[in-house]
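Undergrad: Following this message is one structure expressed as structure tokens.
The values are calculated or read from the model by the stated rules, or taken from the named source; none is laboratory data. In this text the structure is predicted, and so the values were computed from the model without any measurement. In this analysis, Cβ positions are derived from the backbone assuming ideal geometry, glycine residues included, and neighbour counts consider all displayed protein chains. Heads up: the accessible areas ignore ligands, DNA and RNA and are worked out on the full protein's heavy atoms, side chains in. Shrake-Rupley method; radii C 1.70, N 1.55, O 1.52, S 1.80 Å.
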Amino acid sequence: MTLTQKSFATIIARVGALAAVAGLPAGLIGGAAWGLGLAGLVVTLAFMYYAWKLASLHSWLDDPKAATLPDAGGLWGDVLGKLYRHIKQERISQQALSAALDRFQRAAEALPDGALMLDKQNNIVWLNSTAEEHWGISLAHDRMQTVTYFIRYPEFIDYLGARQFGEPLALRTSRKDAGGATKEVSLAVQLVAFGEDQMLLLSRDVSERDRLETMRRDFVANVAHELRTPITVMAGFLETLTNVGAGNPDLLQKSLTHMTAQATRMQRLVEDLLTLSRLEDHAARSVPAPVNVPELVASLVIDAGQLSGGRHQIHTQIAEAWLLGNRDELASAFGNLISNAVRYTPAGGSITITWMVEAGAPLFRVHDTGEGIAPEHIPRLTERFYRVDRGRSQASGGTGLGLAIVKHALIRHDGRLDIQSSRGAEQHGSTFTIHFPAARLCAAQPRLQAVA
């Protein structure tokens with residue numbers, strides 16, 4: 001006999017016993033009609049009791065709380081007690097599941113990668129905020145929509161249909177940044193299977209990695225190009241001297257002059273590469289020390305005059321302010337800006353060199369009256385070997401690394417480079433300004449005097 005059958009038999013036995021206890025004495029006293037009537041009344045009252053308890057139970061199930069649990073004894077008390085314990089256990093389980101789901105969502109939100117959960121029909125079940133940013137999908141509005149409605153790249157649709165779990169896909173997409181401008185983004189996408197016919201679409205923004213890889217390839221290609229020209233020239237002259245011999249003094253002198261110039265060019269390139277490598281080495285960062293910037297700028301102005309050879313008017317405005325930093329690195333940064341101004345300003349032009357404190361913060365500025373730089377070139381000027389005009393840059397003797405050196409020297413000094421340029425206008429020319437934080441200012445240090 002099942003538990004249900006036993007409970008039913010118990011109820012019938014209890015009601016029957018109550019009817020018999022009430023009806024038997026009444027039958028003996030008042031006859032069979034009285035006995036049966038009283039027994040029927042007992043059965044009716046029992047039915048009404050159970051109906052009332054059932055209605056109370058139905059009402060309590062709408063909002064099951066311990067404080068509102070209906071009172072009952074006997075079998076009803078056991079039933080209500082067991083039911084409440086089951087509901088309480090179910091609530092505990094639901095709270096545990098809800099807490100686990102909440103932890104999972106918080107963990108997924110903390111991931112640096114995008115995570116998008118799909119069912120077997122490729123419908124969007126859930127995604128974190130990084131995935132929303134990568135794909136332009138909103139969980140609030142696009143949940144249970146087919147993912148290919150939003151990601152319509154043919155290579156992605158083929159990849160999704162092939163179910164190539166574990167094999168990544170490189171995808172180039174476009175999205176708008178905070179300013180509303182559209183930019184190209186490189187994503188590494190991978191499908192991961194889990195559960196029953198469910199998938200996780202992981203996405204990682206590798207735009208910076210691709211940019212660095214492109215810069216590395218360009219760097220190697222540019223170094224090879226820069227070295228190939230002087231090496232080719234030197235090899236040509238050496239071959240000529242080998243074939244002709246030393247019997248032609250004029251040819252020998254001309255060849256040696258050209259080879260010396262090309263060797264000097266290669267030496268400058270190697271020195272700039274070593275300087276750039278040292279500046280990029282964060283482990284080799286030196287301890288800041290007070291730098292006599294007025295004295296440093298004055299010496300750089302003398303060098304600029306020698307490089308100019310009297311072809312330019314050089315003006316200076318130098319404040320008596322010292323800076324915490326590395327003197328050699330600051331000399332590289334300031335010197336490159338000054339030498340660029342001299343090289344790219346036509347004869348008769350003017351160059352103004354300024355070291356001053358403005359609004360409590362120090363700045364170094366170099367202004368020239370050269371041809372100016374087109375706006376589309378300005379954001380890329382600090383890239384290695386980037387040239388606005390390759391022919392003019394090589395003719396001027398530049399290596400293409402000067403502004404890259406400036407950029408990395410400023411990073412080590414918490415500085416910022418601002419470039420303003422006007423091209424083709426009446427007031428043409430360029431202004432390069434280095435802004436330092438006010439915390440870099442320091443008091444002038446007393447000079448050590450030799451004691452006889």
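Undergrad: Between residues in the stretch 157-176 that are in contact (Cβ under 8 Å) with a residue 40 or more places away in the chain and residues that are β-branched (Val, Ile, Thr) and open to solvent by 60 Å² or more (accessible area, probe 1.4 Å), which pairs lie under 9 Å by C-beta distance while being six or more apart or on different chains?
TA: What qualifies is 175/182.
Undergrad: Kindly list the number of the only condition in (1) within 24 Å of residue 195 (Cα to Cα); (2) at pLDDT 85 or above; (3) not acidic (Asp, Glu) that fails for residue 165.
TA: For residue 165, the failing item is (2).
This table checks each residue for (1) open to solvent by 70 Å² or more (accessible area, probe 1.4 Å); (2) of a type in the set (Asp, Glu); (3) at pLDDT below 95.
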residue: 365; (1), (2), (3): no, no, no
residue: 380; (1), (2), (3): yes, no, yes
residue: 383; (1), (2), (3): no, yes, yes
residue: 407; (1), (2), (3): yes, no, yes
residue: 427; (1), (2), (3): yes, no, yes
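Undergrad: Within the stretch 109-122, count every residue that is in a strand (DSSP E or B) and loosely packed, with under 15 Cβ neighbours inside 10 Å. Full working, then the answer.
TA: Of the stretch 109-122, the ones in a strand (DSSP E or B) are 114-118.
With the extra rule that they be loosely packed, with under 15 Cβ neighbours inside 10 Å, the set shrinks to none.
Summing the residues that are in a strand (DSSP E or B) and loosely packed, with under 15 Cβ neighbours inside 10 Å in the stretch 109-122 gives 0.
Undergrad: Sticking with this structure for a sec: Counting only residues that are within 39 Å of the chain's Cα centre (by Cα) and surrounded by 19 or more Cβ atoms within 10 Å (Cβ to Cβ), give me the strands (runs of 3 or more DSSP E) lying completely in the stretch 272-327 with at least 2 of them.
TA: Here the list reads 322-325.
Undergrad: Do we have residue 174 as open to solvent by 40 Å² or more (accessible area, probe 1.4 Å), closer than 19 Å to residue 205 by Cα and either modelled with pLDDT of 85 or more or among the small types (Gly, Ala, Ser) (or both) here?
TA: yes
Undergrad: Could you check the stretch 126-168 for helices (runs of 4 or more DSSP H) lying wholly inside it with 2 or more residues that are open to solvent by 80 Å² or more (accessible area, probe 1.4 Å)?
TA: Ranges flagged: 139-142, 154-162.
Undergrad: List every residue pair whose Cβ atoms lie under 6 Å apart, where the two residues are 6 or more positions apart in sequence or sit on different chains, the first residue falls within the stretch 415-438 and is within 17 Å of residue 361 (Cβ to Cβ), and the second residue, located anywhere, is in a loop (DSSP other than H, G, I, E, B) and open to solvent by 30 Å² or more (accessible area, probe 1.4 Å).
TA: Listed pairs, sorted by first residue: 437/414; 438/360.
Undergrad: Cβ-Cβ distance below 9 Å, separation of 6 or more or different chains: which pairs start in the stretch 196-215 with a residue that is farther than 22 Å from residue 109 by Cβ and in contact (Cβ under 8 Å) with a residue 40 or more places away in the chain and end on one that is of a type in the set (Val, Ile, Thr) and open to solvent by 100 Å² or more (accessible area, probe 1.4 Å)?
TA: Nothing qualifies.
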